[in-house]
Structure formats: C-alpha cells, structure tokens
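Asks: This is the structure, below, for whatever I ask next.
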Amino acid sequence: MKKVSKSNRYRLPVNFLFLSVLIVAADQLTKQWAFEALFLPNTSFKVSSFLNLVPVWNRGVSFGILSQSGDMMPVIITIITALITICLIIWLIKAQKLITKVSLSFIIGGAIGNIIDRVEYGAVIDFLDFHAFGLHWPAFNIADSAITVGVGIFFYENFVLRRRET
C-alpha cells in the first residue's frame, strides 16, 4: 500500500478548480450578453416553442424564494452562500473520489457565478425561460444549471453508487 504524505493528501486540486473557473466564465459571459441584449432594452426573445430568453432579477434563492423578504435578505443570502462555498472548496481539497471532485467543482463554479452577481447587482441575473408539456420553470442561468448538475452527480454518487457498493 502506497503511503500518502500529509503534504500530498491535501494538494490543491487545480484541474477541478479550473473546471469551476470555466463554469464561472461561461456563466458570467452569458449573463453579460443577457444584460446587454435583454435587460438594458428590457426585451424578451422567443427562441423556440419551449425556450424564451427573458430578463429576470432574482433577489432571492432558487425559484425566487425569499425575494420579497426585505433589503437585507440579498446580503444575508450572499454571506451564507459565500461561507458554504468556502466549506465546499475545503471539502474539494480533501476529497478523494473523482466523482466527488467533479460534483463539488460544478456546485462551486455555479455558486461563485451567482455570488458575483449578488455583489455586483444585489440580485442574480436569470434569463433562460423553459416551458414544455404544460410545465413552466422559473427563469434560471448557467450557474443554476451547474449547481443542479453538481447536486445531481452528488446524489447519484451517494444514493445510487453507494447502494451498488453495499
């Protein structure tokens, strides 16, 4: 059995942090486009029968929850999100499994993308508006998608793969 030194055990997972940075970049670039194309002229675009591009300021959390909770709520949400993100980065540094690192990288990238918006605008830029089969999802963005993918991978790892191992 190969011994792992303490210094190697918690090496910075550069590849996975780079994945987070790519997610942040994609998120911020698409939000910048949305801001200029949708928010400044206050317009929407119908892309297809199930996708619209719409300008939505989300001052709350997922699906706009807590968006009407007062002026301090965006600040509180930003602080809590930043603290959770720091904990996730520490977990990423200590994680051993590839699937855990990928999952955390997606969640961290998405969280940072939305934190940037909250700091810059006091709200998150949402602009992707999907509707199909009588269902209409609240508007979201690339960061939200990355968080959802990361959480999905996390649940797959912890509930599907672990069941197979036992």
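Asks: When you scan the stretch 60-90, how many residues do you find that are modelled with pLDDT under 85 and not aromatic (Phe, Trp, Tyr)?
Replies: Here the count works out to 14.
Asks: Give me the pairs, please: first residue somewhere in the stretch 122-134 and closer than 16 Å to Asn52 by Cβ and touching a residue at least 40 places away in the same chain (Cβ under 8 Å), second residue anywhere and small (Gly, Ala, Ser) and buried (at least 20 other Cβ atoms within 10 Å of the Cβ), beta-carbon distance under 8 Å, and either six or more positions apart or on two chains.
Replies: Ile125/Ala34; Asp126/Ala139; Phe127/Ala34; Phe127/Ala139; Leu128/Ala139; Asp129/Ala139
Asks: Quick test for you: out of Ile112, Ile89, Ile79, pick the one residue that is out of contact with any strand residue (DSSP E or B) (no Cβ under 8 Å at 6 or more places or on another chain), surrounded by fewer than 17 Cβ atoms within 10 Å (Cβ to Cβ) and of a type in the set (A, V, I, L, M).
Replies: Working: Ile112 fails: surrounded by fewer than 17 Cβ atoms within 10 Å (Cβ to Cβ); Ile89 fails: surrounded by fewer than 17 Cβ atoms within 10 Å (Cβ to Cβ).
Every option except Ile79 fails the conditions.
Asks: Could you figure out which of (1) out of contact with any Lys or Arg (no Cβ under 8 Å at 6 or more places or on another chain); (2) farther than 23 Å from Pro41 by Cα isn't true of Phe140?
Replies: Of everything listed in (1) out of contact with any Lys or Arg (no Cβ under 8 Å at 6 or more places or on another chain); (2) farther than 23 Å from Pro41 by Cα, Phe140 misses just condition (2).
Asks: Still on this structure, I have one more. Exactly one of (1) touching a strand residue (DSSP E or B) at 6+ places or on another chain (Cβ under 9 Å); (2) of a type outside the set (Asp, Glu); (3) loosely packed, with under 13 Cβ neighbours inside 10 Å is unmet by Phe133. Its number?
Replies: Looking at each condition in turn, Phe133 falls short on (1).
Asks: Only one of these is more than 22 Å from Val102 (Cα to Cα) and at pLDDT below 95: Ser49, Ser44. Name it.
Replies: Unique residue meeting the criteria: Ser49.
Asks: Identify the residue in the stretch 121-166 that is in a helix (DSSP H, G or I) and among the acidic types (Asp, Glu) and, among all such residues, is modelled with the lowest pLDDT.
Replies: Out of the qualifying residues, it is Glu165.
Asks: Does Phe18 fit the bill of being loosely packed, with under 14 Cβ neighbours inside 10 Å and modelled with pLDDT of 95 or more?
Replies: Answer is yes for this residue.
Asks: Let me ask something else about it. Given (1) under 20 Å from Leu19 (Cα atoms); (2) touching a residue at least 24 places away in the same chain (Cβ under 8 Å), where does Ile86 come up short, assuming only one miss?
Replies: (2)
The values are calculated or read from the model by the stated rules, or taken from the named source; none is laboratory data. Computed from a predicted structure; not experimentally measured. Glycine also receives a Cβ, built like all others from the backbone with ideal geometry; neighbour counts cover every protein chain displayed.
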